[in-house]
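A.B. asks: Below is one structure. I have some questions about it.
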Amino acid sequence: MMLESIAKVGTQMLKKPATLEFPEQRESLADNYRGIHKLDMKTCISCAACARICPNQTIEMVDTETEHGTNKMPQINLERCLFCALCEEVCPTKCLVLTKDYSFEAYDRREYIKRPEDLR
Ligand code: SF4
Ligand code: SF4
């Protein structure tokens, strides 16, 4: 009984850790995993379709400085996001996409509000 227990402990000690050294090491993700958004500000036409379709009022169109002056572009509050990808589906220019990036941890809730310039 004693030897059996020692053998079990030894086996466990020789195993690799179950956790990963984040952020250097990362889990492989499912093909359909949806993470933080990416916005191509050059091709956004400020139509607000993404903001209208969003089921959780996550997107607010905000004044944004661009090469062509000030335009309204999507600002996303990740605290409210369901990662449903409806905004991506409806975007006519495909400039708003969900990436596989899930590392948007923050110490302050205000950091979850991502301005258009942050979504690049
Ligand atoms: S993924 Fe869904 S919940 Fe999140 S911003 Fe887009 S439409 Fe809204
Ligand atoms: S991100 Fe797409 S859907 Fe949203 S305002 Fe820009 S062009 Fe329209």
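A.B. asks: When you go through LEU78, LEU98 one by one, which is the residue that is more than 11 Å from ligand 2 (Cβ to nearest atom) and closer than 17 Å to GLU111 by Cα? First the steps, then the outcome.
C.D. replies: Values: LEU98 fails: closer than 17 Å to GLU111 by Cα.
After applying the criteria, what remains is LEU78.
A.B. asks: State which residue is farthest from ARG26 (Cα to Cα) when the search covers only the stretch 72-87 and only residues that are out of contact with any helix residue (DSSP H, G or I) (no Cβ under 8 Å at 6 or more places or on another chain) and surrounded by fewer than 17 Cβ atoms within 10 Å (Cβ to Cβ).
C.D. replies: LYS72
A.B. asks: A further question follows. What number goes with the only condition from (1) open to solvent by 50 Å² or more (accessible area, probe 1.4 Å); (2) in contact with an Asp or Glu (Cβ under 9 Å, 6 or more places away or on another chain); (3) within 15 Å of ligand 2 (Cβ to nearest atom); (4) not β-branched (Val, Ile, Thr) that ARG34 does not pass?
C.D. replies: (3)
A.B. asks: Of everything in the stretch 72-88 that's closer than 15 Å to ASP118 by Cβ and part of a strand (DSSP E or B), which residue is farthest from ligand 1 (Cβ to nearest atom)?
C.D. replies: The initial filter retains those residues of the stretch 72-88 that are closer than 15 Å to ASP118 by Cβ, namely 73-79, 81.
Among the residues that remain, those that are also part of a strand (DSSP E or B) are: 73-77.
Details: MET73: 13, PRO74: 8, GLN75: 10, ILE76: 5, ASN77: 8 Å.
Per the criteria, the residue is MET73.
A.B. asks: May I pose another question? Within the stretch 25-41, is there a residue that is farther than 26 Å from ARG115 by Cβ and not in a loop (DSSP other than H, G, I, E, B)?
C.D. replies: Within the stretch 25-41, the subset farther than 26 Å from ARG115 by Cβ is 25, 27-28, 30-32.
Adding the requirement that they be not in a loop (DSSP other than H, G, I, E, B) leaves none.
For the stretch 25-41, residues farther than 26 Å from ARG115 by Cβ and not in a loop (DSSP other than H, G, I, E, B): absent.
A.B. asks: Does CYS44 fit the bill of being more than 12 Å from LEU96 (Cα to Cα) and within 11 Å of ligand 2 (Cβ to nearest atom)? Don't jump to the end; show me each part of the working.
C.D. replies: Details: more than 12 Å from LEU96 (Cα to Cα): no; within 11 Å of ligand 2 (Cβ to nearest atom): yes.
Here the answer is no, as CYS44 does not meet what is asked.
A.B. asks: Tell me which residues, restricted to the stretch 42-71, are open to solvent by 40 Å² or more (accessible area, probe 1.4 Å), closer than 14 Å to LEU119 by Cα and within 12 Å of ligand 1 (Cβ to nearest atom).
C.D. replies: GLU60
A.B. asks: Can you name the residue in the stretch 101-120 that is of a type outside the set (Phe, Trp, Tyr) and either assigned to a helix (DSSP H, G or I) or over 29 Å from GLU21 (Cβ atoms) (or both) and, of all such residues, is farthest from ligand 2 (Cβ to nearest atom)? Walk me through it before giving the result.
C.D. replies: To start, the set of residues in the stretch 101-120 that are of a type outside the set (Phe, Trp, Tyr) comprises 101, 103, 105-106, 108-111, 113-120.
Applying the additional criterion that residues be either assigned to a helix (DSSP H, G or I) or over 29 Å from GLU21 (Cβ atoms) (or both) yields 109-111, 113, 115-118.
Details: ARG109: 24, ARG110: 22, GLU111: 21, ILE113: 16, ARG115: 13, PRO116: 9, GLU117: 13, ASP118: 14 Å.
Out of the qualifying residues, it is ARG109.
A.B. asks: Another question about this same structure. Would you mention how many residues in the stretch 98-120 are open to solvent by 50 Å² or more (accessible area, probe 1.4 Å) and under 25 Å from ASP31 (Cβ atoms)?
C.D. replies: Within the stretch 98-120, residues that are open to solvent by 50 Å² or more (accessible area, probe 1.4 Å) and under 25 Å from ASP31 (Cβ atoms) number 5.
The values are calculated or read from the model by the stated rules, or taken from the named source; none is laboratory data. The structure displayed is predicted, hence computed values, not measured ones. Cβ: placed from backbone, ideal geometry, glycine included. Neighbour counts: every protein chain shown. Note: accessible area is taken over every heavy atom of the protein model, side chains too, but ligands, DNA and RNA are not part of it. Shrake-Rupley method; radii C 1.70, N 1.55, O 1.52, S 1.80 Å.
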